[in-house]
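Every read-out reported here was derived from the displayed coordinates using simple, explicitly stated rules and does not represent laboratory data. Quick caveat: nothing in here was measured; it's all calculated off a predicted structure. Cβ placement follows ideal geometry from the backbone for every residue including glycine, while neighbour counts extend to all protein chains displayed.
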Amino acid sequence: MVVSKDKNKTSLSNASPDVIGHLMVIASKVAKQLDLVDGYRVVVDQGKNGKFVNIPVGNLFLNVIGGQQLSWPPYSNATTELTP
């Protein structure tokens, strides 16, 4: 699930603490709606080279990842091959 502040093309470097806080609150609400009670990860992506996949969102977006045991580095235990 991706949470984006797309309207103003906000970047992490110019986002206010209120915007960052709001995005984190929304991400936690998304995780709750997805019933990720065993935990989840929120990943912040910035700019076109920071995108995990080619999706049309603004400069700053958060990914809510969960539903399986997460490891570090990310996706080292993925069951399917991930392609950009």
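Phi angles of segment 30-36 translate, via the Karplus equation with coefficients 6.51, -1.76, 1.60 and θ = phi - 60°, into HN-Hα couplings of 4, 4, 5, 5, 7, 6, 8 Hz per residue; Gly and Pro are given as x. Given R0 = 25 Å, the distance between the Cβ atoms of SER16 and VAL43 translates into a calculated FRET efficiency of 0.75. Sorting VAL30, VAL43 by the number of Cβ atoms found within 10 Å of their own Cβ, with the fewest placed first, yields VAL43, VAL30.
For segment 37-43, the Karplus equation 6.51 cos²θ - 1.76 cosθ + 1.60, evaluated at θ = phi - 60°, returns couplings of 5, 8, x, 7, 10, 10, 10 Hz by residue, with Gly and Pro reported as x.
Can you put VAL64, VAL42 in order of Cβ neighbours within 10 angstrom, beginning with the fewest?
In order of increasing Cβ crowding within 10 Å: VAL42, VAL64.
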